[in-house]
Every structure is written in structure tokens, then in C-alpha cells.
Amino acid sequence: MNGRKPPWWSQRTAGRPIGAVVCAHPAELDGRQDLLLSRSVVAVVRPSALEPKPDEEHEVDYCYGPDTTTKSLQNRTVEPLLQKLIEGYNTAVIVFGSTGTGKTSLLEGRKGIDIDDDSTNSSSQEGLAQLLGTSLFEMLEDKQVSSGAPPQCTKPRL
């Protein structure tokens with residue numbers, strides 16, 4: 001990115017990688033988008049500018065666009081963290097953003113939709129917490145089966 005040094009918060013530390021993943025929803029101001037997105041760069045375009053300033057370009061590990069589903073976010077970004085968790089590493093997912101940008105919907109799913117209703121695609125209505133909880137128990141079960149260990153946990157019924 002223009003030969004500049006990335007910001008301190010994006011630097012990876014030895015043994016403790018920190019990844020930055022963005023799910024952006026650009027808005028239009030006077031017919032122009034306020035964000036320019038690529039796979040690994042998010043650039044903020046101020047209303048008075050024609051293009052982003054170099055200090056308003058941010059390099060990230062991956063940038064999802066507005067059409068991203070919770071399931072695709074889970075598969076590409078978060079599920080690998082579950083595997084690391086099972087291997088004994090500490091992992092965390094931090095979701096932040098402005099009020100009304102969909103943080104709760106991402107984590108908890110959409111309210112008022114019967115996720116057991118066969119007429120809807122239930123995986124697109126479930127939140128990341130429920131999808132990852134299910135995946136975690138499936139991974140633990142697979143690990144127990146492959147190691148021949150007796151079951152030590154059971155999947156809760158939601």
C-alpha cells in the first residue's frame with residue numbers, strides 16, 4: 001500500500017497473530033460511495049474528496065462486501081479459529097461497529113424467524129454464535145471418534 005508502514009494495531013506479534021477482517025456496507029453520498037473495497041483494502045472517501053487520502057486506506061486480512069452471508073463469514077474466517085481452539089490455542093472474535101450496523105444480527109441471527117421452519121433457509125437466519133456452537137460440538141465429536149476416547153460432552157438441544 002503505497003510503501004507506507006501498516007498501523008501498529010495491524011502488526012502481527014510472534015506467536016500471537018492478530019487478524020483484522022472487515023464486513024463493510026458502503027453508503028452512497030451524492031451518488032458516490034463513501035468506501036472503496038478490495039479483498040484486502042478498505043479506503044474511506046470523504047465527501048469533499050474525489051479519492052481516498054493515503055492515510056485513509058486500511059489494509060486488512062480480508063474484506064467482505066455487503067452481500068456476504070453469515071455462513072460464508074463462518075466458513076472462511078471464524079471456523080478456522082474453532083480448529084485452533086480445539087488444538088489448545090486462545091482465540092477470540094470481536095465484533096464492533098456503529099449503532100444499527102448489524103452486530104447483534106450477525107451474532108444472534110434474525111429475530112422473529114422460526115429457524116426450524118423448513119420453508120426458509122435456516123442457516124441464513126441463524127446467528128454466528130449458534131452456527132459456531134453447532135460446529136464446535138461437531139468438531140469435538142469428530143475428535144473423540146477419531147481418537148477412540150469415550151464421549152465427554154454432548155451437544156445441547158437448542
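The values are calculated or read from the model by the stated rules, or taken from the named source; none is laboratory data. No experiment lies behind these values; they were computed from the predicted model shown. Don't worry about glycine lacking a Cβ; one is built from the backbone with ideal geometry, like all the others, and counts go over all protein chains shown. Ligands, DNA and RNA are stripped out before the accessible areas are found, and what is left, the full protein with its side chains, is counted by its heavy atoms. Shrake-Rupley method; radii C 1.70, N 1.55, O 1.52, S 1.80 Å.
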Of the conditions (1) under 14 Å from the mean Cα position of the chain (by Cα); (2) at pLDDT below 85, D117 satisfies every one except a single condition; which number is it?
(1)
Among the residues of region 44-55, are any exposed (fewer than 12 other Cβ atoms within 10 Å of the Cβ) and either of a type in the set (S, T, Y) or under 30 Å from E138 (Cβ atoms) (or both)?
yes
Please enumerate the residues belonging to region 24-51 that are of a type outside the set (A, V, I, L, M, F, W, C) and either without any contact (Cβ under 8 Å) to a residue 24 or more places away in the chain or outside any loop (DSSP other than H, G, I, E, B) (or both).
E28, D30, G31, R32, Q33, D34, S40, R46, P47, S48, E51
Of the candidates A24, A92, the one satisfying the condition of being at pLDDT below 85 and either closer than 27 Å to S105 by Cα or open to solvent by 90 Å² or more (accessible area, probe 1.4 Å) (or both) is A24
Does any residue in region 130-149 that is more than 13 Å from V78 (Cα to Cα) and assigned to a loop (DSSP other than H, G, I, E, B) come within less than 9 Å, Cβ to Cβ, of a residue that is of a type outside the set (S, T, N, Q) and modelled with pLDDT of 75 or more six or more places away or on a different chain, and which pairs are these?
A149/K143
For K155, state whether it is touching a Phe, Trp or Tyr at 6+ places or on another chain (Cβ under 8 Å), at pLDDT below 85 and farther than 16 Å from C23 by Cα.
yes
